[in-house]
Amino acid sequence: KEKLLKSIEELSSQQQELENRLVSSDSAAANFQSEKETLVRSLKELENQHEGVAARFAGFSVFAASLQSEKKTLVELIEESKNQRKDLEKRLNISDAVIANLKLEKETIVRSIKESTIQQEDLKKRLSTSE
């Protein structure tokens with residue numbers, strides 16, 4: 001009878017220990033489940049951040065391409081402007097040369113007019129003296 005009581009007591013003690021381990025195991029499982037849910041949420045947040053970063057990167061890529069295109073256009077406009085400036089400088093030099101030639105021609109015409117006037121005066125004097 002004592003052996004049976006002792007066996008019952010040991011079994012009861014083992015059962016209590018097993019129940020405690022079960023409670024501890026359930027608690028650990030709940031903790032791991034909570035940790036898992038936290039990790040899943042964190043993973044989803046990271047995926048969302050990744051998508052946001054990827055979208056921003058794509059936006060920046062489009063913006064960079066736009067800037068590159070704008071730069072190319074500006075470089076072309078600057079080159080065209082340089083060419084126009086060279087052309088205008090050439091035309092200005094030609095205009096300066098034409099103006100200088102016109103001044104010389106004017107001076108020649110003025111001299112010719114003066115000479116013609118002097119000749120007319122001379123002819124008028126000769127005409128009046130011959131009469």
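Annotations for the structure displayed:
- Look at (1) modelled with pLDDT under 95; (2) open to solvent by 90 Å² or more (accessible area, probe 1.4 Å) and you find that Ile94 fails only one, number (1).
- Pick from the stretch 97-131, criterion open to solvent by 80 Å² or more (accessible area, probe 1.4 Å) and among the polar types (S, T, N, Q), ranking: modelled with the lowest pLDDT: Ser130
The values are calculated or read from the model by the stated rules, or taken from the named source; none is laboratory data. The model shown is predicted, which means the values in this text are computed figures rather than measured ones. All accessible areas refer to the heavy atoms of the entire protein, side chains included, with ligands and DNA or RNA removed. Shrake-Rupley method; radii C 1.70, N 1.55, O 1.52, S 1.80 Å.
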